[in-house]
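Reviewing the structure listed below.
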Amino acid sequence: MLLSAALLLLLDRSLGTSFYLSEIHIGGEALENMGGSPILFQHLFWFLGHPEVYIVLLPALGITSEIIATNARKPIFGYRAMIGSIPRSASSASSCGVTTMFVTGMNPFLGSVFVVTTLSIAIPSAVKVFNYITTLWKGNIVMTPAMLFSIGLVATFIAGGLTGIILADSALDIPVHDTYFVVAHFHIVMGMSAIFGMFAGIYHWFPRMYGKMMNTRMGYVHFWVTFICAFGVFFPMHFIGLAGAPRRYYDYTAFLMFDNAIDLNVVVTLFAITGALARSSSSTTSSTACSAALLPCRTLGAATRWSGPAWLSMHGNWPGKDPEVYRWPYDYSKPRKAEDFVPSRTCRTRTGEGGEPRLASSLPSPTERV
Ligand code: HEM
Ligand code: HEM
């Protein structure tokens, strides 16, 4: 879609076609182009653009699922529902592009159809959030920096999802469209949740990738300063938006009605600068070399399929032959088991030790595992 939009734009600009240009007057002179529609560009753009914003979060959600399961010492709750919610998000996402365009003069009936398709995306999002919370419930939680960033993702995903529901309702969206309320909404999900997922992944797998431990204390400082500052930046933006301040304005000082927003903008700026300092301090975080035995992923019995000190020798996941696996990789906190985690390469069946290795795809499912 984006490619088609760009091609039509190219034709308009270079070959004198009129896909997007319509009755434009410049200096009193009408352009030759007639009959096109600039709204068509918006339609094509958002047909790609709005689905994309949900898809952009999926890697961070995958990382978070792994880290929360590992650090709560429980398999992710509702494993199948979690997997199912991914295609569900994708299909709802692909039908909600027009939601950003309620104010373009579209037929209100059409608008209400897109209200329904966009609100339906809240369902798979809610499934994920409830499953994360239920995984944490009564878990044996280890608060590593990676876990804090993952829980931070869940918190911001809820905060941004709630304002998403407001924006998805055309009656509520029309007054706040193109204001800072929208900027606040999407930064909380795209600017915070997605970035938190990325940081969580770095903290969790850094030792695995580089054979070095990151400084945990600096990790905590990094998380808390980032978390507080991110809300300090993006929470006040909701109020700036509700006061009517439009997005994409270079300067508001010429408009007296936005004077109230100036103080809030100063607060936002101060938090943004402090948050940026926290990030730079984290990038200078010291790290110390560690042996395979010290690796937190291994000592915590993470369900990682990587085996051996991969960072030393090679680019792939396994040195040499693929390992034989006997069980699925999330056997944490099994009742009546002394150890807290049974690795997937441990062979143990109801009939005692022994048993044939199986292909991962034929392993017992979460509900029927041994
Ligand atoms: C329950 C889930 C969500 C719902 C119902 C929702 C709904 C909406 C709606 C209706 C708009 C258009 C507002 C307007 O222009 O007036 C919007 C804007 C936006 N949303 Fe969400 N959203 C949700 C979650 C997310 C997520 C998870 C992300 C990204 C990770 C995201 C990123 C964005 C972005 C980037 C925009 C603004 C695009 C722009 O105009 O520049 N949203 N959202
Ligand atoms: C501390 C970090 C950040 C700050 C202070 C910040 C601030 C802003 C502000 C003030 C705007 C509105 C500009 C305007 O409408 O005039 C904006 C727009 C935007 N930001 Fe951020 N941002 C940050 C991080 C991010 C991140 C991490 C992402 C994406 C992952 C992001 C994506 C966007 C997008 C898509 C827009 C909309 C651009 C447009 O209107 O065309 N921002 N940002």
Selection count where residues are open to solvent by 50 Å² or more (accessible area, probe 1.4 Å) and under 27 Å from Tyr203 (Cα atoms), scope the stretch 232-247:
1
Return yes when Lys138 is away from ligand 2 (no atom under 16 Å from the Cβ), outside any helix (DSSP H, G or I) and under 24 Å from Asn71 (Cβ atoms) and no when it is not.
yes
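Any residue at all in the stretch 93-114 that is more than 16 Å from ligand 1 (Cβ to nearest atom), open to solvent by less than 70 Å² (accessible area, probe 1.4 Å), part of a helix (DSSP H, G or I) and without any contact (Cβ under 8 Å) to a residue 60 or more places away in the chain? First the steps, then the outcome.
The first filter runs over the stretch 93-114 and keeps only residues more than 16 Å from ligand 1 (Cβ to nearest atom), leaving 107, 109.
With open to solvent by less than 70 Å² (accessible area, probe 1.4 Å) added as a condition, the list becomes none.
The answer is no, given that none of the residues of the stretch 93-114 is more than 16 Å from ligand 1 (Cβ to nearest atom), open to solvent by less than 70 Å² (accessible area, probe 1.4 Å), part of a helix (DSSP H, G or I) and without any contact (Cβ under 8 Å) to a residue 60 or more places away in the chain.
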Hey, which of the helices (runs of 4 or more DSSP H) in the stretch 159-213, taking only ones fully inside, have at least 2 residues that are open to solvent by 40 Å² or more (accessible area, probe 1.4 Å), within 16 Å of ligand 2 (Cβ to nearest atom) and in the same structural domain as Val113 (by TED's automatic domain parsing)?
180-186, 194-210
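Consider Leu8 carefully, then state whether it is surrounded by 13 or more Cβ atoms within 10 Å (Cβ to Cβ), part of a loop (DSSP other than H, G, I, E, B) and of a type outside the set (S, T, N, Q).
Values: surrounded by 13 or more Cβ atoms within 10 Å (Cβ to Cβ): yes; part of a loop (DSSP other than H, G, I, E, B): no; of a type outside the set (S, T, N, Q): yes.
The answer is no for Leu8.
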Could you please give the count of residues in the stretch 248-273 that are open to solvent by less than 50 Å² (accessible area, probe 1.4 Å) and near ligand 2 (Cβ under 8 Å from one of its atoms)?
2
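The values are calculated or read from the model by the stated rules, or taken from the named source; none is laboratory data. Owing to the predicted nature of the structure, the values given are computational and were not obtained by experimental measurement. Neighbour counts are summed over all protein chains in view; Cβ atoms, including those assigned to glycine, are modelled from backbone coordinates with ideal geometry. Just so you know, the surface numbers come from the protein's heavy atoms only, side chains and all, with ligands and any DNA or RNA stripped out. Shrake-Rupley method; radii C 1.70, N 1.55, O 1.52, S 1.80 Å.
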